[in-house]
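Heads up, the thing below is written out as structure tokens.
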Amino acid sequence: MPNKKLLLQIDFRSGLPIYIQIVNQIQAQVVGNVLKPGDQLPTVRALAEELRVNFNTVARAYRILDEARIISTQQGRGTYITDLPPPNVSEKLRRESLEALTQSYISEAIRLDFSKTEISQMVNEQLKAWKESEEIESE
């Protein structure tokens, strides 16, 4: 199968590690059927050049995706999307992504001199507002 153009958008200012952004976006494209089993991904080197990031960053993302059985790298042939991973593996990746997002948010809020109480209150307020907006939409 020919190389499929991988569309990734890296936000260098987000605080979320680049390798996690790559993992999250590839996983989302697999789940959303943008990338299908058998689709070939760019080489680590090619993707690193395209995204203008370090080779090791892309290699780390591919290693995580390979361990999660989302991709398979075949020496001399390339890297391909595999069948969807088992639910427990997908859940582990989701959890790791949420942890990274949370750590990034908390670090940035602390850097801006917010207290732990203020951070916690804001999260609770936003969750409450989100829940209320979902309830309104479902009516």
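Only one of the numbered conditions (1) without any contact (Cβ under 8 Å) to a residue 24 or more places away in the chain; (2) open to solvent by 90 Å² or more (accessible area, probe 1.4 Å); (3) assigned to a loop (DSSP other than H, G, I, E, B) is violated by ILE136, and that is (3). Quick one: how many residues across the stretch 42-89 are closer than 20 Å to ASP11 by Cβ, open to solvent by less than 30 Å² (accessible area, probe 1.4 Å) and either touching a Pro at 6+ places or on another chain (Cβ under 8 Å) or without any contact (Cβ under 8 Å) to a residue 12 or more places away in the chain (or both)? Residues in the stretch 42-89 being closer than 20 Å to ASP11 by Cβ, open to solvent by less than 30 Å² (accessible area, probe 1.4 Å) and either touching a Pro at 6+ places or on another chain (Cβ under 8 Å) or without any contact (Cβ under 8 Å) to a residue 12 or more places away in the chain (or both): 1 in total. Given the conditions (1) touching a residue at least 40 places away in the same chain (Cβ under 8 Å); (2) open to solvent by 30 Å² or more (accessible area, probe 1.4 Å); (3) not aromatic (Phe, Trp, Tyr), and given that LYS5 satisfies all but one, which numbered condition is not satisfied? Going through the list (1) touching a residue at least 40 places away in the same chain (Cβ under 8 Å); (2) open to solvent by 30 Å² or more (accessible area, probe 1.4 Å); (3) not aromatic (Phe, Trp, Tyr), LYS5 breaks only (1). The selection criterion, being at pLDDT below 90 and over 16 Å from the mean Cα position of the chain (by Cα), does not hold for GLN103. Among all residues of the stretch 103-122, there is at least one that is in a loop (DSSP other than H, G, I, E, B) and open to solvent by less than 70 Å² (accessible area, probe 1.4 Å). Does any residue of the stretch 21-32 turn out to be polar (S, T, N, Q), under 20 Å from SER104 (Cα atoms) and out of contact with any helix residue (DSSP H, G or I) (no Cβ under 9 Å at 6 or more places or on another chain)? The answer is yes, given that some residue of the stretch 21-32 is polar (S, T, N, Q), under 20 Å from SER104 (Cα atoms) and out of contact with any helix residue (DSSP H, G or I) (no Cβ under 9 Å at 6 or more places or on another chain). Of all residues in the stretch 35-90, which are over 15 Å from the mean Cα position of the chain (by Cα) and of a type in the set (Val, Ile, Thr)? Of everything in the stretch 35-90, those that are over 15 Å from the mean Cα position of the chain (by Cα) and of a type in the set (Val, Ile, Thr) turn out to be THR43, VAL44, VAL53, THR73, THR79, ILE81, THR82.
The values are calculated or read from the model by the stated rules, or taken from the named source; none is laboratory data. All of these numbers come straight from a predicted model, not from anything done at the bench. Here Cβ is always computed from backbone atoms with ideal geometry, including for glycine, and neighbour counts include all displayed protein chains. The area values use the complete protein model at the heavy-atom level, side chains included, leaving out ligands, DNA and RNA. Shrake-Rupley method; radii C 1.70, N 1.55, O 1.52, S 1.80 Å.
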